[in-house]
Protein chains: 2
Amino acid sequence: MSELFLALIHPPVVDRNGRIVTSAITSLDIHDIARSANTYGVNRAYIVHPIPEQREFAATVIDHWRFDFGRSFDGRRREALELIKIVNTLDDAIADASVVAGSPPLVVHTSARTSGGMMTAELRRKLETPDARPAIILFGTGFGMAPSLLDRADIVLNAILGPGDYNHLSVRAAVSIILDRLRGR
Amino acid sequence: MSELFLALIHPPVVDRNGRIVTSAITSLDIHDIARSANTYGVNRAYIVHPIPEQREFAATVIDHWRFDFGRSFDGRRREALELIKIVNTLDDAIADASVVAGSPPLVVHTSARTSGGMMTAELRRKLETPDARPAIILFGTGFGMAPSLLDRADIVLNAILGPGDYNHLSVRAAVSIILDRLRGR
């Protein structure tokens, strides 16, 4: 099984009008994504934000569970949060993942709007081949990643779809569904 | 495709020590579950709580998006919240679902601890047969549903598993993953 990483992108993302903006880190994204990532054997999940105050906020969310009340309240929550790494840029995340995995990861783009890309089942097969490269999967907050991030991607995943056309999932749900499709049993 | 319903259970659930407790409704559960449910064609998602103040709180969360700021901010959020129904008891949810679907739903139990039950793939096949009965899937908040709810279930689903033993998913993630396994394409 190849090494798998996630990166939660805050800038550049788009807002509901398609403008390029920077979104805020939410504590719930960190918690839910940590628990899903740990369940599916993700090596590290990166919270990417260039604003120092935002990174400090994310650090306090994690430290609360590492050292304070949370440690005694729920050890499984602490365990999951240990795979969260807070970084400045996507480049930092990719560089760190390259060190952990021993080689640069395939960069995988996700979006609620892509239809001509790769299916998750095909990516799963690719990641399960014996000589598979590590992979880092990018998830956009806000209303999705800015188009510029497509230039960074080696693989563009198709949108998650149900029976109909509506697919306005939370980023927390999208992370859990894609991880289940790639690693669930 | 058979009619599909969800019920989010607040009592009776267990806490981290296995004691039977009543959990609180959270606005984020409502939002995330509404969006996942709408993506996967769920007919109605019931928020089950016997305490009037808790039901009123849930109603204000929905009304905020139905009438106020939210209506203009994000119509897709409003659309998703329309399938949320706030009810007093699980019996009320099952009765309502029976009316909507025209016959009583199979009651499906979920848990992070079940291993001798049905796989989601088998339930998917069952729900896709031409004469399939409607189904209502129960999800526990807190640390999961109290054991007494097993007596209500026609089908007990196995826990969601990744590659390892850790499966401490949020209820929001569990809902989205099970819906994707049952209805994703």
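The values are calculated or read from the model by the stated rules, or taken from the named source; none is laboratory data. These figures come from a predicted structure and were not determined experimentally. Here the Cβ is made from the backbone with ideal geometry for all residues, glycine too, and neighbour counts use every protein chain on show. What goes into the accessible areas is simple: the full protein's heavy atoms, side chains included, and nothing from ligands, DNA or RNA. Shrake-Rupley method; radii C 1.70, N 1.55, O 1.52, S 1.80 Å.
Any residue that is exposed (fewer than 15 other Cβ atoms within 10 Å of the Cβ) and assigned to a helix (DSSP H, G or I) - is there at least one of those in region B:168-175?
Step one: of region B:168-175, the residues exposed (fewer than 15 other Cβ atoms within 10 Å of the Cβ) are none.
Within region B:168-175 (the criterion being exposed (fewer than 15 other Cβ atoms within 10 Å of the Cβ) and assigned to a helix (DSSP H, G or I)), the answer is no, since none of the residues qualifies.
Could we say that A:Ala132 is more than 18 Å from the chain's Cα centre (by Cα) and either open to solvent by less than 60 Å² (accessible area, probe 1.4 Å) or under 16 Å from A:Ala45 (Cβ atoms) (or both) here? Give the steps one after another, and end with the answer.
Numbers: more than 18 Å from the chain's Cα centre (by Cα): yes; either open to solvent by less than 60 Å² (accessible area, probe 1.4 Å) or under 16 Å from A:Ala45 (Cβ atoms) (or both): yes.
Here the answer is yes, as A:Ala132 does meet what is asked.
Checked against the criterion of being open to solvent by 60 Å² or more (accessible area, probe 1.4 Å) and assigned to a helix (DSSP H, G or I), region A:86-97 contains one or more residues that satisfy it. Within region A:16-51, if we keep just the residues that are open to solvent by less than 30 Å² (accessible area, probe 1.4 Å) and in a loop (DSSP other than H, G, I, E, B), the residue that is nearest to A:Ala112 (Cα to Cα) turns out to be A:Ser23.
Restricting attention to region A:20-34, report how many residues are over 18 Å from A:Glu53 (Cβ atoms) and more than 14 Å from chain B (Cβ to nearest Cβ). Don't jump to the end; show me each part of the working.
Narrowing region A:20-34 to residues over 18 Å from A:Glu53 (Cβ atoms): A:20, A:28, A:31-34.
Subset that is more than 14 Å from chain B (Cβ to nearest Cβ): A:20.
Selection size over region A:20-34: 1.
Is it the case, given these coordinates, that B:Leu106 is within 14 Å of another protein chain (Cβ to nearest Cβ) and in contact (Cβ under 8 Å) with a residue 12 or more places away in the chain? Against the criterion (within 14 Å of another protein chain (Cβ to nearest Cβ) and in contact (Cβ under 8 Å) with a residue 12 or more places away in the chain), B:Leu106 does not qualify.
For every residue, the table says whether it meets (1) over 27 Å from A:Phe57 (Cβ atoms); (2) touching a Leu at 6+ places or on another chain (Cβ under 8 Å).
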{"position": "A:Leu83", "(1), (2)": "no, no"}
{"position": "A:Ala97", "(1), (2)": "no, no"}
{"position": "A:Thr110", "(1), (2)": "no, yes"}
{"position": "A:Ser115", "(1), (2)": "yes, no"}
{"position": "A:Leu123", "(1), (2)": "yes, yes"}
{"position": "A:Lys126", "(1), (2)": "yes, no"}
{"position": "A:Phe139", "(1), (2)": "no, yes"}
{"position": "A:Met145", "(1), (2)": "no, yes"}
{"position": "A:Leu149", "(1), (2)": "no, yes"}
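Of all residues in region B:26-40, those that are touching a residue at least 60 places away in the same chain (Cβ under 8 Å) and touching a strand residue (DSSP E or B) at 6+ places or on another chain (Cβ under 7 Å) total 3. The residues of region B:111-145 that are farther than 24 Å from A:Arg76 by Cβ, small (Gly, Ala, Ser) and in a loop (DSSP other than H, G, I, E, B) amount to a single one, B:Ala132. Considering region A:138-177, the residues that are in contact (Cβ under 8 Å) with a residue 60 or more places away in the chain and in contact with a Ser or Thr (Cβ under 6 Å, 6 or more places away or on another chain) include one that is nearest to the other protein chains (Cβ to nearest Cβ), namely A:Ser176. Based on this model, can you work out whether B:Thr39 counts as within 14 Å of chain A (Cβ to nearest Cβ) and modelled with pLDDT of 90 or more? Yes: the conditions hold for B:Thr39.
Scanning region B:140-185 for residues that are over 15 Å from the mean Cα position of the chain (by Cα) and among the hydroxyl-bearing types (Ser, Thr, Tyr) turns up B:Ser148, B:Tyr166.
Listed residues B:Val108, B:Val61; which is surrounded by 19 or more Cβ atoms within 10 Å (Cβ to Cβ) and in a strand (DSSP E or B)?
Numbers: B:Val61 fails: in a strand (DSSP E or B).
Sole residue among the options that is surrounded by 19 or more Cβ atoms within 10 Å (Cβ to Cβ) and in a strand (DSSP E or B): B:Val108.
Has region A:120-129 got any residue that is under 29 Å from B:His168 (Cβ atoms), open to solvent by 30 Å² or more (accessible area, probe 1.4 Å) and touching a Gly at 6+ places or on another chain (Cβ under 9 Å)? Checked against the condition, which is being under 29 Å from B:His168 (Cβ atoms), open to solvent by 30 Å² or more (accessible area, probe 1.4 Å) and touching a Gly at 6+ places or on another chain (Cβ under 9 Å), region A:120-129 yields no hits at all. Listed conditions (1) within 23 Å of A:Ile177 (Cβ to Cβ); (2) in a helix (DSSP H, G or I); (3) touching a Pro at 6+ places or on another chain (Cβ under 9 Å) are all met by B:Val100, apart from (1). For region B:146-167, a residue qualifies if it is within 26 Å of A:Arg78 (Cα to Cα) and open to solvent by 20 Å² or more (accessible area, probe 1.4 Å), and the qualifying residues are B:Asn158, B:Leu161, B:Pro163, B:Gly164, B:Asp165, B:Tyr166, B:Asn167.
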